[in-house]
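Notes follow the structure.
The values are calculated or read from the model by the stated rules, or taken from the named source; none is laboratory data. Only a predicted model underlies this, so the values are computations on that prediction, with no experimental measurement involved. Cβ: placed from backbone, ideal geometry, glycine included. Neighbour counts: every protein chain shown. Heavy atoms of the whole protein, side chains included, go into the accessibility calculation; ligands, DNA and RNA do not. Shrake-Rupley method; radii C 1.70, N 1.55, O 1.52, S 1.80 Å.
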Amino acid sequence: MVTSSTVRISSRKSQLALVQTHWVQAELSKAHPDRQFDVVTMSTQGDKILDVALAKIGDKGLFTKELEVSMLTKESDLAVHSLKDLPTNLPEGLILGAITEREDPADALVVHEKLKDKTLATLPSGTVVGTSSLRRLAQLRHYYPHLTFKDVRGNLNTRLQKLDAGEYDALILAAAGLRRLGMGDRVHEVIDSEISLHAVGQGALGIECRAEDPDILALFAPIIHYPTTQRCLAERAFLRELEGGCQVPIGVHTSIDGNKLTLKGIVASLDGQTLVQGAVTGDLGSPETIGADLAEDLKSKGAQDILNKIFAEVRA
């Protein structure tokens, strides 16, 4: 139980992380004017290692571990994450306390000035496209095998600088991140989900806290967004059942119609040659059942064999 009126929010130091954290700080301050919310910043392993592909490092808690340690040692009370970075299995003593309303979860094409008259479908053969996501890579290789894909690391500003300097002809980035940073004008094209299913939790913020802190958990009620929460819980259950982290080619898309939730999912081979996909519709109130059912459906179609091969390849 928290006795102090001051609540400490841990955050990564990146510009996007701070924009997201300060938004949560402002919303909580508005809802609870009697409490003070301070931001504590730190760097994570994922922020420090920029010269190695994410899949080679290992992704379990790559952008979250240091924040989680600060909560477990009571140096902070909660942490704000891009939900897509938060592992589906959390350390003992910590829980996902809230999910806020989602921005557009779609992937976006950002191009160099010389390609401003092109779309993803009309990019010329050999165009160098930067992405650090195996999910994006596999799906785009499937539909556009004539393009050349190159790993890119760094924060959004760094990636855009590399693009503008000519190191890349185009980038694939999350539309939500660009818009949150006021860079929505750099979105050249929002990629249709028929081409690129998005990452689990993409576009949403997840707030993690200690499980035994009812005082902190109670603070989140005004910022929890129910439709986003149900969609993301289905997506995270799907990912958990497939035992995949953020650096495997697993994509999702969710939609709500009345009291029904539909989850589409895909597992792709790294070369893009094989796509295993399916969809499950179920009760909006049982999102984790929907996610688990879809995972079993895709496993029956060969998804687990694809993932086992990928795990062996990326760790080799």
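Solvent exposure of the chain, expressed per residue, is 43 Å² of accessible area, with all protein chains present and a 1.4 angstrom probe. Counting only alpha carbon atoms, the long axis of helix 134-143 and the longest principal axis of the chain meet at about 30°. Residues whose amide H falls under 5 Å from that of Thr274, counting only those 5 or more places apart or on a different chain, are Ser269, with hydrogens built in the peptide plane.
P(r) tail, the stretch 148-247: Cα-Cα pairs separated by more than 21 Å, 52% of all pairs.
Reachable lysines from Lys13, Cα under 21 Å, same-chain residues fewer than 8 places away excluded? Reachable lysines: Lys48, Lys60, Lys65, Lys74, Lys84, Lys162.
Kindly provide the Kirkwood hydrodynamic radius of the chain in Å, to one decimal, from all pairs of distinct alpha carbon atoms. So the Kirkwood estimate lands at 20.1 Å.
Between 0 and 90 degrees, the angle of helix 287-300 with respect to the longest Cα principal axis of the chain falls at about 30 degrees. Roughly speaking, what % of Cα-Cα pairs in the stretch 161-316 are separated by over 21 Å, rounded to a whole number? More than 21 Å apart: 55 percent of the Cα pairs in the stretch 161-316.
If R0 is taken as 41 Å, the Cβ-Cβ distance between Gln15 and Ser300 corresponds to a FRET efficiency of 0.45. When only Cα pairs below 8 angstrom with a gap of at least 6 residues are kept, the chain shows a relative contact order of 21 percent.
With R₀ set to 41 Å, the beta-carbon distance separating Gln36 from Glu288 gives a calculated FRET efficiency near 0.70. Between the Cα long axis of helix 15-31 and the first principal axis of the chain there is an angle of about 40°, rounded to the nearest 10.
Peptides 257-263, 292-298 ranked from most to least packed, by the mean per-residue count of other Cβ atoms within 10 Å: 292-298, 257-263. Ranked by the mean number of other Cβ atoms within 10 Å of their residues, highest first, the peptides 13-23, 74-84 fall in the order 74-84, 13-23. Amide H to amide H distances under 5 Å link Ser196 with no residue, where only residues 5 or more positions off or on other chains count and H is placed in the peptide plane. For the chain, the dipole from Cβ point charges (+1 on Lys and Arg, -1 on Asp and Glu) about the Cα centre works out to 660 debye, to the nearest 20.
Protection proxy ranking, highest mean first, for peptides 138-144, 33-39: 138-144, 33-39, where packing is the per-residue count of other beta-carbon atoms within 10 Å, averaged. Remark: the Ile224-Glu92 segment gains 45.3 nm on full extension, using 0.36 nm per residue and subtracting the alpha carbon distance.
Rounded to the nearest 0.05, the FRET efficiency derived from the C-beta distance between Glu313 and Gln277 at R0 = 30 Å is 0.90.
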